[in-house]
Amino acid sequence: MKKIFWLGSVAAFIFALSFTEPAERYFEIAKNLDIFATLFKEVNALYVEEVNPNKLVRTGIDAMLGSLDPYTNYIPEDEVEDFRTVNTGQYGGIGAITREIGDRTVVTMLMEGYGAQRGGLKIGDEILKIDDISLSKLTREESGQVMKGQVGTPVSLTIKRVGVDQPIKLDFKRERIKLTNVPYSGMIDNDIAYIQLSDFTPDAAKEVKNAFVQLKEKGAKGAIIDLRANPGGLLIEAVNITNLFIPKGKLVVSTKGKIPENNLSYETLNLPVDTEIPVAVLINRGSASASEIVAGTLQDYDRAVVIGEKSYGKGLVQVSRPLSYNSQLKVTTAKYYTPTGRCIQVLDYGHRRDDGSVGSIPDSLKKAFKTTNGRTVYDGGGIDPDIKTQNPESHMLTQVLFEKGFLFDYATQYVSKHPEPVDPRTFSLSDDEYQQFLSWMKTKNYSYKSYMEYQLQQFTEEAKKERYYSELKSQLDLVTARIAESKKNELVLHKDEIKMLLEEDIVSRYHLEKGSVESGFKYDKDIKTATDILRNNAQYQKLLNIQ
């Protein structure tokens with residue numbers, strides 16, 4: 001172990017020196033590496049119980065990198081494959097997405113055209129065995145690894161299906177699965193192109209371009225690019241997507257880091273597809289990184305109306321570096337800036353408080369910038385939409401129904417009794433059908449403590465500490481009783497929210513991801529706002545200050 005650790009220390013030291021650090025820091029680096037090596041040796045030799053060296057060092061590495069920012073991470077060899085999947089969108093498998101509900105593993109989505117769909121697997125199927133290995137003997141991580149594997153190798157699933165008495169065994173051959181960046185594209189009311197972009201893995205720009213060209217040929221007069229809940233990805237794909245709508249030779253984003261090699265500017269290199277068609281970009285608090293580059297750049301050039309919620313505010317760039325023993329480091333190397341000069345990073349990781357917490361960039365330090373048409377935009381806090389929309393949080397009841405699988409299981413049963421496909425855009429559960437759902441739920445245990453009940457409990461505890469409880473008990477009991485009474489009718493009170501999720505789940509059984517997306521159109525306020533703006537040219541031009 002001494003020899004191995006000494007070699008690791010030397011390798012780490014050489015790695016540190018490769019970053020043209022100032023000469024006066026060499027001694028500090030060498031000193032601290034030596035302290036760490038001797039400390040580890042003493043802990044390993046003297047600690048009261050045996051220690052796992054891999055686990056101990058991993059804890060140290062994670063804590064060290066965690067003191068920098070959440071995006072600088074160590075990826076050990078056994079996690080590299082998952083890391084590659086996230087960055088490339090490719091893996092070997094059958095194209096089935098699963099989820100754990102209680103002690104069950106169920107199929108929640110099938111990727112269109114891949115082995116799982118072709119081989120007869122259905123959404124709602126419960127997986128009992130993988131290659132004759134019972135899932136009850138595997139952890140979630142282990143079952144995921146067994147499902148994936150080398151392209152061309154066989155894998156069998158034994159499944160339980162609603163309406164079928166005996167388990168079914170299905171055989172598949174693993175193939176290369178490419179996660180699409182554009183899970184849905186289509187027309188809204190025959191005049192507005194809608195493109196949902198969920199990732200920025202390789203070919204994202206190509207997929208968006210192909211979808212846009214096809215929809216434009218179908219008569220699209222405006223385009224909606226939906227970046228909601230898109231966490232980002234490859235910066236170059238963001239540049240190329242932006243290039244679809246702005247001319248060649250325009251600055252899209254610049255990066256600035258500690259070393260000169262990270263100070264780069266990215267310009268559009270190709271002729272655009274369309275510089276005139278009205279464009280709306282949808283964002284929310286889950287839109288981050290590359291999503292913010294696309295939204296921010298199109299906003300800076302007044303090329304699109306941005307609609308939704310303030311975006312996440314991640315203005316940091318990461319690169320991956322190979323380490324020894326097939327591990328990798330993902331490290332933040334620069335901040336990025338939109339064409340106006342905005343850095344939309346919201347948290348200041350470089351100036352932590354004394355307790356280690358991180359604060360937002362204060363409003364007093366935020367700077368104003370001007371877009372091409374003279375509109376004022378700000379840095380230091382994500383992308384502010386041109387039109388802000390409010391989307392209320394899901395009620396806790398709905399979250400509980402989802403997490404416990406009641407919505408999923410009812411959708412499975414509904415489809416087993418209604419095998420004929422439905423129109424995803426028009427399908428709606430009737431009042432009678434929703435009543436059937438309520439009857440089905442009467443035998444289910446979905447008890448939970450609401451936010452109001454948590455608040456009331458805390459208030460009661462404080463009242464007891466302050467010795468006011470005896471005076472307030474009758475009022476507290478009355479409030480408790482009224483909350484309990486209202487919860488008896490909450491499935492009716494929150495009908496619209498529950499009904500929307502049920503319909504999406506049901507439609508997905510017939511039409512997969514496409515159906516789920518289209519089912520939500522009629523409820524989507526952001527899409528409604530975008531289509532109204534794109535159809536009103538005077539309002540669109542006024543928002544963008546087009547003269």
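The values are calculated or read from the model by the stated rules, or taken from the named source; none is laboratory data. Here the structure is a predicted model, which is why all the values come from computation and not from measurement. Please note: Cβ atoms are built from the backbone with ideal geometry, for glycine as well, and neighbour counts cover all protein chains shown.
Taken as a whole, the condition of being over 30 Å from VAL107 (Cβ atoms), buried (at least 16 other Cβ atoms within 10 Å of the Cβ) and touching a helix residue (DSSP H, G or I) at 6+ places or on another chain (Cβ under 6 Å) does not apply to ILE361. Residues that are surrounded by 14 or more Cβ atoms within 10 Å (Cβ to Cβ) and in a strand (DSSP E or B) within the range 257-272 comprise GLY257, LEU264, TYR266, GLU267, listed in sequence order.
Matching residues to (1) part of a helix (DSSP H, G or I); (2) exposed (fewer than 12 other Cβ atoms within 10 Å of the Cβ):
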| site | (1), (2) |
| --- | --- |
| PHE40 | yes, no |
| ALA45 | yes, yes |
| VAL51 | no, no |
| LEU56 | yes, no |
| THR59 | yes, yes |
| LEU65 | yes, no |
| PRO70 | no, no |
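The residues of the range 363-401 that are β-branched (Val, Ile, Thr), in contact (Cβ under 8 Å) with a residue 40 or more places away in the chain and not in a helix (DSSP H, G or I), listed by number, are THR371, THR372, VAL377, ILE383, ILE387, THR389.
Within the range 320-351, the set of residues being part of a loop (DSSP other than H, G, I, E, B) and farther than 20 Å from GLY382 by Cβ comprises LEU323, SER327. Within the range 28-63, the set of residues being aliphatic (A, V, I, L, M) and in contact with a strand residue (DSSP E or B) (Cβ under 9 Å, 6 or more places away or on another chain) comprises ILE61 only. Within the range 26-38, the residues that satisfy the criterion of being surrounded by 14 or more Cβ atoms within 10 Å (Cβ to Cβ), in contact with a Ser or Thr (Cβ under 9 Å, 6 or more places away or on another chain) and more than 29 Å from LYS335 (Cβ to Cβ) are PHE36, ALA37. Can you name every residue in the range 452-476 that is more than 22 Å from LYS487 (Cβ to Cβ) and surrounded by fewer than 11 Cβ atoms within 10 Å (Cβ to Cβ)? Within the range 452-476, LYS465, GLU466, ARG467, SER470, GLU471 qualify. Among the listed residues TYR337, TYR312, TYR349, TYR325, identify the single one that is among the aromatic types (Phe, Trp, Tyr), surrounded by 21 or more Cβ atoms within 10 Å (Cβ to Cβ) and in contact with an Asp or Glu (Cβ under 8 Å, 6 or more places away or on another chain). The conditions single out TYR312.
Every listed requirement among (1) touching a residue at least 40 places away in the same chain (Cβ under 8 Å); (2) outside the structural domain of PHE245 (by TED's automatic domain parsing); (3) at positive phi is met by ASP189 save one, (2). Among the residues of the range 337-351, some residue qualifies, meaning at least one is in contact with a helix residue (DSSP H, G or I) (Cβ under 7 Å, 6 or more places away or on another chain), in contact (Cβ under 8 Å) with a residue 60 or more places away in the chain and of a type outside the set (S, T, N, Q). Going by what's in this entry, would LEU329 be described as modelled with pLDDT of 95 or more and hydrophobic (A, V, I, L, M, F, W, C)? Against the criterion (modelled with pLDDT of 95 or more and hydrophobic (A, V, I, L, M, F, W, C)), LEU329 qualifies. Of all the residues in the range 83-101, those that are assigned to a strand (DSSP E or B) and either free of Cβ contacts under 8 Å to residues at least 24 places away in the same chain or not polar (S, T, N, Q) (or both) number 8. Across the range 109-137, which residue is surrounded by the most Cβ atoms within 10 Å (Cβ to Cβ) among those that are aliphatic (A, V, I, L, M) and under 26 Å from VAL182 (Cα atoms)? Among residues in the range 109-137 that are aliphatic (A, V, I, L, M) and under 26 Å from VAL182 (Cα atoms), the one surrounded by the most Cβ atoms within 10 Å (Cβ to Cβ) is ALA116. Checked against (1) surrounded by 15 or more Cβ atoms within 10 Å (Cβ to Cβ); (2) farther than 30 Å from ALA463 by Cβ; (3) of a type in the set (Asp, Glu), GLU490 passes all but a single condition, namely (2). Restricting attention to the range 414-432, the residues that are surrounded by 15 or more Cβ atoms within 10 Å (Cβ to Cβ) and in a helix (DSSP H, G or I) add up to 3. Scanning the range 212-227 for residues being within 28 Å of the chain's Cα centre (by Cα), surrounded by fewer than 24 Cβ atoms within 10 Å (Cβ to Cβ) and not β-branched (Val, Ile, Thr) gives a total of 3. For the range 102-118, a residue qualifies if it is more than 17 Å from TYR510 (Cα to Cα), without any contact (Cβ under 8 Å) to a residue 60 or more places away in the chain and in contact with a strand residue (DSSP E or B) (Cβ under 6 Å, 6 or more places away or on another chain), and exactly one does: THR105.
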